[in-house]
Amino acid sequence: MTAKVGLIVGREWSFPPKFIEEVNRRDKGVVADFIKIGPTPMDAPRGYAVLVDRISHEVPFYRSYLKHAVLQGAQVVNNPFMWSADDKFFGATLATKLGVASPKTVVLPNKDYIPAISHQESLRNLVFPLDWDAVVRDVGLPCILKDAYGGGWKGVYICRTRDELLKHYNESGLLTMVVQQFIEWEQFVRCICIGQREILPIHYDPKARKYLVDPDYLTPALRDRIIADSRTLVGALGYDMNSIEWAVKDGVPYAIDFMNPAPDFDINSLTAEYFDWVVQQMADLVIRLATRRTTVGPRTFHWQALFKGRARSRTSSR
């Protein structure tokens, strides 16, 4: 029986057709296509063995559908329950708990609230005014202010003074912001992470927003540490498709951003060499998930199991 893989995408143009072509070309009893989603009843049959989600963070209806698909038994890349719950403050705390180097991070109360919120009645648990001196003492200057749920370098500010920090915070509106220690990096690396095991560290220029083909950019020891720490993070989060940014200072890699469950897979960004690696690894992943044998039996539905998502494979990386 043929297993189906459905791809949910936005405006991407290079990755989707190449990924679908690669999965179908291999003739492994798995076919991939663009899933079409309309009004969905609760008892809708599964249809797809695996769904690859590249856009539900911007289309809430897709996120609701994907949660339903998990209950119906589909494998979803990435787990919509974890993705819905994740944020950059949680991630920074998690990294520290796991023993992975991460910048000092503070989460801030929102600057503004919806009109129904009464500052006198609805926010009685909130400390006000905020102790900005304590925030600056904790993370130091310069620091980074960014959206706790953001991505793609949107709403990210380097603040070199207390006044700059307050200025950008006062313009943040309804966003929940985190302020983070700025690592004066000597090397900058972005890792593409597929299937919780396959990790590709790439020299990345954050100023030019550009990947650089530079295989000798890292020493073997530093490369090995970044790969090991990346596996620790994506294994804890359960993400099968992610990117992690590392700022290296004095030989220590600091995980500065790893909430990227829909990483940039565009050929113009990745370069042709790394783009081909992504297409191959993503095809490997979905074929493996779609053809994996599972024990047939009654399922126990509880939040912990849904949140955890797919268990990490015990097999070692090739």
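The values are calculated or read from the model by the stated rules, or taken from the named source; none is laboratory data. Being a predicted model, the structure only gives us computed values, none of them experimental. Quick reminder, even Gly has a Cβ in these numbers, built from the backbone with ideal geometry, and neighbours come from all protein chains shown. Heavy atoms of the whole protein, side chains included, go into the accessibility calculation; ligands, DNA and RNA do not. Shrake-Rupley method; radii C 1.70, N 1.55, O 1.52, S 1.80 Å.
Computed values, structure above
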quantity: Subset of segment 100-145 [more than 18 Å from residue 159 (Cβ to Cβ) and either in contact (Cβ under 8 Å) with a residue 40 or more places away in the chain or touching a strand residue (DSSP E or B) at 6+ places or on another chain (Cβ under 8 Å) (or both)]; calculated: 100, 101, 102, 112, 113, 114
quantity: Residues (assigned to a loop (DSSP other than H, G, I, E, B) and among the aromatic types (Phe, Trp, Tyr)) located in segment 166-208; calculated: 182, 185
quantity: Cross-chain or 6+ apart pairs with Cβ under 7 Å, segment 1-25 first and more than 14 Å from residue 263 (Cβ to Cβ), then open to solvent by less than 10 Å² (accessible area, probe 1.4 Å) and among the acidic types (Asp, Glu); calculated: 8/53
quantity: Matching entry among 84, 64, 56, 14 (being buried (at least 21 other Cβ atoms within 10 Å of the Cβ) and of a type in the set (S, T, N, Q)); calculated: 56
quantity: Some residue of segment 154-167 being in contact with a Ser or Thr (Cβ under 6 Å, 6 or more places away or on another chain) and open to solvent by 10 Å² or more (accessible area, probe 1.4 Å); calculated: no
quantity: Subset of segment 87-121 [in a loop (DSSP other than H, G, I, E, B) and open to solvent by less than 60 Å² (accessible area, probe 1.4 Å)]; calculated: 87, 100, 101, 102, 103, 108, 109, 110, 117, 118
quantity: The one condition in (1) touching a helix residue (DSSP H, G or I) at 6+ places or on another chain (Cβ under 9 Å); (2) closer than 25 Å to residue 230 by Cβ that residue 93 fails to fulfil; calculated: (1)
quantity: Test for residue 206: is it modelled with pLDDT under 95 and either among the acidic types (Asp, Glu) or open to solvent by less than 50 Å² (accessible area, probe 1.4 Å) (or both); calculated: yes
quantity: Residue that is surrounded by the fewest Cβ atoms within 10 Å (Cβ to Cβ), among those in segment 213-267 that are acidic (Asp, Glu) and assigned to a strand (DSSP E or B); calculated: 245
quantity: Selected residue (criterion: least open to solvent (accessible area, probe 1.4 Å)) from residues of segment 17-53 that are farther than 22 Å from residue 71 by Cβ, out of contact with any helix residue (DSSP H, G or I) (no Cβ under 6 Å at 6 or more places or on another chain) and not in a loop (DSSP other than H, G, I, E, B); calculated: 20
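This table checks each residue for (1) more than 23 Å from residue 83 (Cα to Cα); (2) modelled with pLDDT of 95 or more; (3) of a type outside the set (Gly, Ala, Ser).
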residue	(1), (2), (3)
179	no, yes, yes
253	yes, yes, yes
257	no, no, yes
266	no, yes, yes
